Amino acid sequence: MKYLYYPGCSLRSTGRAYEESLLSVLKVLDIPFEELNDWNCCGATSYVSIDETDAFALAARNLALAELQSPDGTINLIAPCSACFLVLLKTERYLESYPDVREKINSTLDKAGLHYHGRVNVRHPLDVFVNDYGLENITKRVKYPLKGLKVASYYGCQMVRPFKTFDHSHYPETMDRLVKVLGAEPVDWPLKTRCCGGSLTGTIQEAGLRLNRLLLKEAEKRGADIMLTCCPLCQHNLECYQERINRKFDEKINIPVAFFTQLMGVALGLSEKELGMQRLFKMPSLKQITHPKGEMANAW
Amino acid sequence: MHGNGHNGTVRIGFYICHCGHNIASIVDVKAVSEYIKSLSGVVISCEYKYMCSDPGQELIQKDIKEHSLNRIIVASCSPLLHEHTFRTAVEKGGLNPYYFQMVNIREDVSWVHTDMKAATEKAKDLSRAAVQRVFHHKSLETKHVKIHPDVLIVGGGIAGIHAALTLANAGKKVYLIERNPTIGGHMAMFDKTFPTLDCAACILTPKMSQVKNHPNIILWTYSEVAKVDGYVGNYKISIRRKPRYVNEELCVGCMDCIEKCVYKEGKTPDEFNVGLSKRKPIYIPFPQATPQIVVIDRETCIEFKSGRCKKTCVEACDRKAIDFKQKEEIKEIEVGTIILTTGYQTFDASRVPFYGYGKYPNVYTSLEVERLVNASGPTGGELILRDGRHPKTVGIIHCVGSRDKNTNRWCSRTCCMYSLKLAHLLKEHTDAEVYNFYIDIRAAGKSYEEFYDKLLDENVHFIRGRVAEVSDWAVRPSEEGKLIIRAEDTLIGIVRRVPVDMVVLAVGMEPQADSQDVRRMFNISCSTEGFFLERHPKLAPVDTFTDGIFIAGACQGPKDIPDSVAQAGAAAAQALILIDSGEIELEPNTAYVVQNECSGCRTCLTICPFTAISRDEAKQKAFINEALCKGCGTCVAACPSGAIKQNLFEDEMIFSEIDGLLKMESPACC
């Protein structure tokens, strides 16, 4: 089964490390994929809240393009950014459930010579790795088990809500299960789907910083060495504002925040460059990992 | 004999009912009546305000005699309501009741349409269809089957116990089957009962021993129904009696064997204490278990696992009651009626992971707390938490697995009241501060609201709002080491964080895990949520769609003890009606096989949902048991050689009816 890959804008900007690590991991696991041709902006959460129909049309163009690219059968479209994942998923579900919406959107797409027939399954890469490729197969490919590393998995909100797809809406565990087969130790904490503030850090910054502070402090308090995310905006918020939070609230927060695909890559034996490690602000100390060439340990 | 068959001239009487304004306000009944009068075969056509009234029925009887009518049609409400009424009237008038036909112009016409002209046309079409149909009606005989006087009751909770005692006291022989080693059900596990706060065991255990000692009750515990055959009045049941490995005749329940078991301490979670304590492989569920007979659990007993146990239990028993060679036994019984009282299961709280059950040791389910506060419970009634502490603050979360579209949508009806009761008991035992987090307090029952008032006076806190989460996420020093309940207090519009030592989840009531298997075995229906379906939600609450099978208690839907007992009494009364009338009348709308045309292909055997069809292997033909046939018509449609016909639904009747609807003259009536 070949996957189609929808990068979205974040993975080409703030979340480049996510794309680099994701593609490297897909390649090393021999999971076949190709990028969606001529994809466009998903519209993110902002467009949906202004005009739902227009937003659906924008997102549905990507779904119709996917059908054009894969003429037969069901298409698994990987959307790594949580916002893209949610918007594309919502469009897919609405077009399936509401014939009047489908008709309206298709009449718009028709003008551009496109049509959506309902063959696309929007998938998050976490779901693909854990449920399609399988934890057992990942275990077999792990070269450097991340022994002793304590990981706080942070899922954010959009991947699990409001649609229930591959995990529980309030207490997901897929990333924790993945972390375990990588040899690390998942930290149990109750804030794994609590809001990171989203775009608040750029608008009402005080509110945004307050939310991030709660998450970071609790992860540290529970003994996590690193926080893992599956969304470029969550990663950006949690990683980049630590200094500002410390100044504002008189804290001493200092915890690395990486993409789950980066940690996967480390365990699978990929190089620093392949995983975009140099793009992180904070490097986790991974003395426990003994790489034969010493390369990885130094990188971290 | 009721006369007037197919040979003579057909003389139809047609009656259209106003049903007050129900029909007459939308259908021009006069126009319909006049139109029908013009059709061939119709001798009388008239309208009347209430056909179901005594004068209405007498009108039919009078006309049958005066005008020698031999077909009667009434256009009124649904046959479900009054078909029986009119058939009886027709029979009193001296005509075979199956010459009667009913047209539903209320539910199918006046109640669902607003355009009078169109509605009147539809009423005419339906009536004309009936006129053409009755030409083909035949005289049919009602059949009767005898009712075996014995009753099977499945499930020995409070509903089963009450139904068994009611029937036994009325002199009927009852088989009470319970799959656990003891009867008593959930009620035996409860501490006190709301709103009177009398002890559950004190009011239940006398009834349990009455069951054990009643000469008319045969009690088989540790037993399950394996097979159900037959039909109303004549059920043949196989009961699987699981081996206890203890001879029931010999054991007196002295428990010496339990004491002497090679296990010095229990190792297996004790079912009766919901896993809060451990039991040995040889055990009695609780002190008042009925029957008071020991049972050996072969899954955990060393003798069964290795065959090399010292068998100290055998040595300890001076009555030689322990028998490791005991085998499963199948008992065959015959009964006429069955009452299902199979109860419910509590909602699995780990399905709501954000309430932390199974993760935080001090989160309990309500059923666990019942045991925890009980004097014969795992802690002797002392409220010690799993981490050894005594709680100073307790939060009770209502509607866990109820009124929630992510889990179960229904209200479990008992949780509000038992939460109030537990709040009272927790305060009594510990003097803790108790917080109730509720959506609505549903205290609808005799003296229930007063009990709620009493709790308010006892300074129990009530916070209206569904709880978002229970966590150990402390943000203030005062919250360290506590469980924090986060909920929106919808009465004052703020989000509250309440740190507590103990959380009680008021878990809802669900159908038993195997309710679908039981449903199939007894050939009854379930409602969408999986509870057994009653024949009518208001007027036949303990009947099922299968004659002779009744339901009572929480297997029909969540209910408390008083309601379960009331239903159990009702189910017993329904069974008594059948038993004491001695026989039951069967609808003659059954299917029959035209023997010459049957090829013996077995198609009908596999599709009959009531297992009413068998195959006569000597003749190689299908045979339909009229007592089992419900007249669904599936076999009639499926038979490839058209060899199966159905009374009241013969091809010519249906086709004439269709012709009538399409305004085509049917050949027979011209």
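The values are calculated or read from the model by the stated rules, or taken from the named source; none is laboratory data. All of these numbers come straight from a predicted model, not from anything done at the bench. Backbone-built Cβ (ideal geometry, glycine too); neighbour counts: all protein chains shown.
Going by what's in this entry, would A:SER13 be described as exposed (fewer than 14 other Cβ atoms within 10 Å of the Cβ) and of a type outside the set (A, V, I, L, M)?
Yes; evaluated as a whole, the condition is true for this residue.
Rundown of residues vs (1) more than 14 Å from every other protein chain (Cβ to nearest Cβ); (2) assigned to a helix (DSSP H, G or I); (3) more than 25 Å from B:ARG351 (Cβ to Cβ), yes/no style:
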position	(1), (2), (3)
B:ASP387	yes, no, no
B:ASN408	yes, no, no
B:ALA444	yes, no, yes
B:GLU449	yes, yes, yes
B:ARG486	no, no, no
B:LEU491	yes, no, yes
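Look at B:ARG179 and say whether it is at pLDDT 95 or above, in a loop (DSSP other than H, G, I, E, B) and either under 29 Å from the mean Cα position of the chain (by Cα) or farther than 22 Å from B:VAL518 by Cβ (or both).
Yes.
Looking only at the range B:444-461, which residues are free of Cβ contacts under 8 Å to residues at least 12 places away in the same chain and in contact with a Phe, Trp or Tyr (Cβ under 8 Å, 6 or more places away or on another chain)?
B:LEU456, the sole residue that qualifies.
With the structure loaded, tell me whether B:ASP489 is surrounded by 19 or more Cβ atoms within 10 Å (Cβ to Cβ), in contact with a strand residue (DSSP E or B) (Cβ under 7 Å, 6 or more places away or on another chain) and of a type outside the set (S, T, N, Q) or whether it fails that test.
Working: surrounded by 19 or more Cβ atoms within 10 Å (Cβ to Cβ): no; in contact with a strand residue (DSSP E or B) (Cβ under 7 Å, 6 or more places away or on another chain): yes; of a type outside the set (S, T, N, Q): yes.
Judged against the criteria, B:ASP489 is not a match.
Would you mind stating whether A:GLY156 is buried (at least 21 other Cβ atoms within 10 Å of the Cβ), assigned to a helix (DSSP H, G or I) and more than 14 Å from chain B (Cβ to nearest Cβ)?
It is false that A:GLY156 is buried (at least 21 other Cβ atoms within 10 Å of the Cβ), assigned to a helix (DSSP H, G or I) and more than 14 Å from chain B (Cβ to nearest Cβ).
Do the conditions hold for B:VAL131, that is, is it touching a Leu at 6+ places or on another chain (Cβ under 7 Å), of a type in the set (A, V, I, L, M) and crowded, with 23+ Cβ neighbours inside 10 Å? Walk me through how you get there before you give the answer.
On the way: touching a Leu at 6+ places or on another chain (Cβ under 7 Å): yes; of a type in the set (A, V, I, L, M): yes; crowded, with 23+ Cβ neighbours inside 10 Å: yes.
Criteria met by B:VAL131.
Condition (residue is at pLDDT 95 or above, touching a Pro at 6+ places or on another chain (Cβ under 9 Å) and crowded, with 22+ Cβ neighbours inside 10 Å) applied to the range B:451-470: is it met by at least one residue?
Scanning the range B:451-470, I find at least one residue that is at pLDDT 95 or above, touching a Pro at 6+ places or on another chain (Cβ under 9 Å) and crowded, with 22+ Cβ neighbours inside 10 Å, so the answer is yes.
Return the residue satisfying two criteria in turn: it lies in the range B:349-371 and is more than 14 Å from chain A (Cβ to nearest Cβ) and not in a strand (DSSP E or B), and of such residues it is nearest to B:ASN406 (Cα to Cα). Show your work before the answer.
Initial filter on the range B:349-371 (more than 14 Å from chain A (Cβ to nearest Cβ)): B:362, B:364-371.
Those still in the list that are not in a strand (DSSP E or B) too: B:362, B:366-371.
Details: B:ASN362: 24, B:SER366: 20, B:LEU367: 22, B:GLU368: 24, B:VAL369: 25, B:GLU370: 26, B:ARG371: 28 Å.
Checked the range B:349-371; the qualifying residue nearest to B:ASN406 (Cα to Cα) is B:SER366.
Can you tell me which residue within the range A:249-277, out of those that are aliphatic (A, V, I, L, M) and surrounded by fewer than 24 Cβ atoms within 10 Å (Cβ to Cβ), is nearest to A:LYS140 (Cα to Cα)? Reasoning before the result, please.
Keep residues of the range A:249-277 that are aliphatic (A, V, I, L, M), which gives A:253, A:255, A:257-258, A:263-264, A:266-268, A:270, A:275, A:277.
Filter once more, keeping what is surrounded by fewer than 24 Cβ atoms within 10 Å (Cβ to Cβ): A:253, A:255, A:268, A:270, A:277.
Details: A:ILE253: 36, A:ILE255: 30, A:LEU268: 10, A:LEU270: 15, A:MET277: 24 Å.
So, considering only residues that are aliphatic (A, V, I, L, M) and surrounded by fewer than 24 Cβ atoms within 10 Å (Cβ to Cβ), the one nearest to A:LYS140 (Cα to Cα) is A:LEU268.
Rundown of residues vs (1) modelled with pLDDT under 95; (2) closer than 22 Å to B:ARG87 by Cβ; (3) out of contact with any Cys (no Cβ under 7 Å at 6 or more places or on another chain), yes/no style:
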residue: B:ASP560; (1), (2), (3): no, no, yes
residue: B:VAL565; (1), (2), (3): no, no, yes
residue: B:ALA575; (1), (2), (3): no, no, yes
residue: B:GLU587; (1), (2), (3): yes, yes, yes
residue: B:GLN595; (1), (2), (3): yes, no, yes
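Search the range A:213-230 for residues being within 15 Å of A:TYR155 (Cβ to Cβ) and part of a helix (DSSP H, G or I), and hand back the single one that is nearest to the other protein chains (Cβ to nearest Cβ).
A:GLU218
For A:GLY208, indicate whether it is more than 19 Å from the chain's Cα centre (by Cα), more than 14 Å from chain B (Cβ to nearest Cβ) and surrounded by 20 or more Cβ atoms within 10 Å (Cβ to Cβ). I'd like the intermediate steps shown before the answer.
Working: more than 19 Å from the chain's Cα centre (by Cα): yes; more than 14 Å from chain B (Cβ to nearest Cβ): yes; surrounded by 20 or more Cβ atoms within 10 Å (Cβ to Cβ): yes.
Answer is yes for this residue.
Quick check on B:CYS399: is it under 27 Å from the mean Cα position of the chain (by Cα) and surrounded by 16 or more Cβ atoms within 10 Å (Cβ to Cβ)? Show your work before the answer.
On the way: under 27 Å from the mean Cα position of the chain (by Cα): yes; surrounded by 16 or more Cβ atoms within 10 Å (Cβ to Cβ): yes.
Spelling it out, B:CYS399 is indeed under 27 Å from the mean Cα position of the chain (by Cα) and surrounded by 16 or more Cβ atoms within 10 Å (Cβ to Cβ).
Yes or no: B:GLN288 within 31 Å of the chain's Cα centre (by Cα), part of a loop (DSSP other than H, G, I, E, B) and of a type in the set (S, T, N, Q)? Can you show your working first?
On the way: within 31 Å of the chain's Cα centre (by Cα): yes; part of a loop (DSSP other than H, G, I, E, B): yes; of a type in the set (S, T, N, Q): yes.
Yes: the conditions hold for B:GLN288.
Residue check: is B:THR407 in contact (Cβ under 8 Å) with a residue 40 or more places away in the chain, of a type in the set (Ser, Thr, Tyr) and more than 22 Å from B:ILE561 (Cα to Cα)? Before the answer, list the steps.
Working: in contact (Cβ under 8 Å) with a residue 40 or more places away in the chain: yes; of a type in the set (Ser, Thr, Tyr): yes; more than 22 Å from B:ILE561 (Cα to Cα): yes.
When the stated conditions are applied, B:THR407 passes them.
Let me confirm something: among B:GLU626, B:GLU587, B:GLU657, which residue is more than 30 Å from the chain's Cα centre (by Cα) and not aliphatic (A, V, I, L, M)? Break it down into steps so the answer makes sense when it comes.
Values: B:GLU626 fails: more than 30 Å from the chain's Cα centre (by Cα); B:GLU587 fails: more than 30 Å from the chain's Cα centre (by Cα).
It is B:GLU657.
Could you pull out the residue among A:SER153, A:SER169 that is within 19 Å of A:GLY198 (Cα to Cα), outside the structural domain of A:VAL87 (by TED's automatic domain parsing), hydroxyl-bearing (Ser, Thr, Tyr) and at pLDDT below 95?
On the way: A:SER153 fails: at pLDDT below 95.
Just a single option satisfies the conditions, and that option is A:SER169.
Hey, could you check the range B:462-479 for residues that are within 9 Å of chain A (Cβ to nearest Cβ) and in contact (Cβ under 8 Å) with a residue 40 or more places away in the chain and say which is farthest from B:SER350 (Cα to Cα)? Give the steps one after another, and end with the answer.
Initially, the range B:462-479 is screened for residues within 9 Å of chain A (Cβ to nearest Cβ), giving B:468-475.
Next, only the ones that are in contact (Cβ under 8 Å) with a residue 40 or more places away in the chain stay: B:468-472.
Details: B:ALA468: 15, B:GLU469: 13, B:VAL470: 12, B:SER471: 14, B:ASP472: 17 Å.
Checking each candidate, the answer is B:ASP472.
Take the residues in the range A:161-175 that are away from chain B (no Cβ under 12 Å) and either in contact (Cβ under 8 Å) with a residue 60 or more places away in the chain or surrounded by 19 or more Cβ atoms within 10 Å (Cβ to Cβ) (or both); name whichever of them is nearest to A:LEU149 (Cα to Cα).
First pass over the range A:161-175, keeping only residues away from chain B (no Cβ under 12 Å): A:163, A:165-166, A:174-175.
Now narrow it down to the ones that are either in contact (Cβ under 8 Å) with a residue 60 or more places away in the chain or surrounded by 19 or more Cβ atoms within 10 Å (Cβ to Cβ) (or both): A:163, A:165, A:174-175.
Details: A:PHE163: 31, A:THR165: 29, A:THR174: 18, A:MET175: 15 Å.
Going through the qualifying residues, I end up with A:MET175.
Can you name the number of the only condition in (1) buried (at least 17 other Cβ atoms within 10 Å of the Cβ); (2) within 13 Å of another protein chain (Cβ to nearest Cβ) that A:LEU182 fails?
The number of the failed condition is (2).
Condition first: more than 29 Å from B:THR346 (Cα to Cα), small (Gly, Ala, Ser) and under 23 Å from the mean Cα position of the chain (by Cα). Can you find one or more residues in the range B:158-169 that meet it?
Looking through the range B:158-169, at least one residue is more than 29 Å from B:THR346 (Cα to Cα), small (Gly, Ala, Ser) and under 23 Å from the mean Cα position of the chain (by Cα).
What about B:TYR448, is it surrounded by fewer than 19 Cβ atoms within 10 Å (Cβ to Cβ) and in the same structural domain as B:PRO391 (by TED's automatic domain parsing)? Let's see the steps before the verdict.
Details: surrounded by fewer than 19 Cβ atoms within 10 Å (Cβ to Cβ): yes; in the same structural domain as B:PRO391 (by TED's automatic domain parsing): yes.
It is true that B:TYR448 is surrounded by fewer than 19 Cβ atoms within 10 Å (Cβ to Cβ) and in the same structural domain as B:PRO391 (by TED's automatic domain parsing).
Of everything in the range A:185-205, what is away from every other protein chain (no Cβ under 14 Å), under 23 Å from B:SER471 (Cα atoms) and not in a loop (DSSP other than H, G, I, E, B)? Give them in sequence order. Before you say what the answer is, go through the steps one by one.
Here is the first cut: in the range A:185-205, the residues away from every other protein chain (no Cβ under 14 Å) are A:185, A:196-205.
Next, only the ones that are under 23 Å from B:SER471 (Cα atoms) stay: A:185, A:196-197.
Of everything in the range A:185-205, just one residue is away from every other protein chain (no Cβ under 14 Å), under 23 Å from B:SER471 (Cα atoms) and not in a loop (DSSP other than H, G, I, E, B), namely A:GLU185.
Could you check how many residues of the range B:296-321 are in contact with a strand residue (DSSP E or B) (Cβ under 6 Å, 6 or more places away or on another chain) and closer than 28 Å to B:THR205 by Cβ? If you could, list the steps in order and put the result at the bottom.
Residues of the range B:296-321 in contact with a strand residue (DSSP E or B) (Cβ under 6 Å, 6 or more places away or on another chain): B:296, B:300, B:313-314, B:321.
Going one step further and asking which of them are closer than 28 Å to B:THR205 by Cβ, we end up with B:296, B:300, B:313, B:321.
Of the residues in that region, 4 qualify.
Any idea which of (1) within 14 Å of chain B (Cβ to nearest Cβ); (2) within 18 Å of A:TYR155 (Cβ to Cβ); (3) hydrophobic (A, V, I, L, M, F, W, C) is the one A:PHE249 doesn't satisfy?
Against the list (1) within 14 Å of chain B (Cβ to nearest Cβ); (2) within 18 Å of A:TYR155 (Cβ to Cβ); (3) hydrophobic (A, V, I, L, M, F, W, C), A:PHE249 comes up short only on (2).
Among the residues of the range B:283-303, is any surrounded by fewer than 18 Cβ atoms within 10 Å (Cβ to Cβ), away from every other protein chain (no Cβ under 14 Å), in contact with a Lys or Arg (Cβ under 6 Å, 6 or more places away or on another chain) and under 30 Å from B:ASP580 (Cβ atoms)?
no
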